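**Student:** Dropping a structure here in structure tokens format, bear with me for questions.
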Ligand code: GLA
């Protein structure tokens with residue numbers, strides 16, 4: 001009897017684990033890569049994407065975990081008589097580009113819209129979802145960002161004044177592309193981009209999304225980053241392996257962000273279990289920016305397989321303390337000076353507010369140094385800078 005029960009039990013356990021494995025087949029940890037939009041916007045070319053792929057290898061980014069090379073909007077040309085989408089003249093051969101990217105141990109991402117047109121007015125997938133998914137798969141595409149934009153007109157035309165119906169249409173449109181991608185039998189990361197409408201975190205995973213944008217577009221400014229970050233508080237329960245909240249692509253190295261702001265931005269995205277999709281010109285990145293994007297200790301916080309998103313623990317004036325649970329009982333603690341006053345503020349973490357008592361031993365993830373902190377340890381942080389710690393055995 002016993003010899004029969006044990007194999008049966010093993011079979012039941014195996015069968016029960018199959019759907020979970022399918023859901024986390026891709027994006028078991030937040031996707032990492034690069035996307036063309038934040039720097040190149042509508043000017044991106046095949047040569048830019050190849051240069052980005054090369055730079056991901058030579059900068060050490062690929063080896064630090066950045067795998068996806070994503071072409072955003074404006075690659076599309078026209079459909080032919082059979083309805084098949086072709087890239088425009090700036091992308092002469094998508095399959096050759098995918099081969100180039102794959103040959104470097106990287107993966108290729110692409111962009112489309114459920115509408116007839118994209119945000120930048122290029123051809124979208126409306127009415128061609130299955131055909132487009134097949135075309136992408138035939139090129140060797142591994143990631144798709146699906147951006148609502150042009151579909152909004154269809155929603156308001158078909159259901160004027162009926163917001164409920166419009167929202168249903170939106171969900172259906174996202175599910176439709178999910179099914180189309182599924183039918184290709186290729187592992188493709190599905191990234192929903194509809195700016196957080198209709199509380200997408202509540203249904204994005206069901207619609208097949210591996211990540212969903214939670215807000216409008218990021219800009220390379222402190223105010224934009226900080227307002228996005230503030231909008232993530234409360235969403236932490238919706239993220240997990242295979243399905244992530246996406247506070248948008250990184251602006252590290254872009255605009256006028258200084259290095260403290262770049263560090264704070266990157267630390268926040270790691271605390272938030274966010275996709276780490278760089279958006280700067282990798283072929284011209286400074287060593288200081290490269291060091292931020294490739295900080296393995298911070299990346300490890302983002303990528304912890306447990307996949308529990310962190311959150312804001314408490315605010316004290318212009319100081320914010322964020323925490324994130326890591327594997328094996330460890331804890332990430334990040335202190336941000338969000339004020340604009342240029343003076344360095346002495347600050348003390350109130351450990352009791354984190355459920356901790358007495359001296360805590362950890363690592364400063366930006367200096368790499370071992371640190372011990374207690375309630376009396378002064379923390380001097382310049383405006384917009386961050387202190388990020390990993391406490392191995394919090395108590
Ligand atoms: C929207 C998206 C951006 C980008 C542009 C492209 O604004 O949110 O991330 O993809 O469209 O047109």
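**Student:** In nanometres, what is the gap between the two model label sites at residue 28 and residue 93, each 7 Å from Cα along Cα-to-Cβ?
**Tutor:** It is 3.5 nm.
**Student:** Relative contact order (percent) for segment 61-101, with alpha-carbon contacts under 8 angstrom and 6 or more residues of separation?
**Tutor:** Computed value for segment 61-101: 26 percent relative contact order.
**Student:** Quick one: angle between helix 163-182 and the longest Cα principal axis of the chain, in degrees between 0 and 90, rounded to 10, please.
**Tutor:** Helix 163-182 sits roughly 80 degrees off the main axis of the chain.
**Student:** Can you give the alpha-carbon Rg of the chain over 2.2 N^0.38 Å, where N counts its residues?
**Tutor:** Against the compact-globule rule of thumb, the ratio is 1.04.
**Student:** Could you pull the Cα extents of segment 311-391 along its three principal axes, largest to smallest, in whole Å?
**Tutor:** 38, 24, 22
**Student:** With contacts defined as alpha carbon pairs under 8 Å and 6 or more residues apart, what's the relative contact order of the chain in percent?
**Tutor:** Worked out over the chain, it gives 13 percent.
**Student:** Separate question: Let me have the 222 nm mean residue ellipticity of the chain computed from DSSP H runs of 4+ only, each contributing -39500 (n - 2.57), with the sum over all residues rounded to the nearest 500.
**Tutor:** It lands at -10000 deg cm²/dmol.
**Student:** Against the longest alpha carbon principal axis of the chain, how many degrees, from 0 to 90 and to the nearest 10, is the axis of helix 259-271 turned?
**Tutor:** Between helix and principal axis, roughly 80 degrees.
**Student:** Does anyone have the angle between helix 94-103 and the longest principal axis of the chain? Alpha-carbon axes, 0 to 90°, nearest 10?
**Tutor:** 40 degrees
Quick note: the coordinates plus some simple rules give every number you see, no bench work behind them. As the structure is a computational prediction, the values presented were derived from the model and not from experiment. We place every Cβ from the backbone using ideal geometry, glycine too, and count neighbours over all the protein chains shown.
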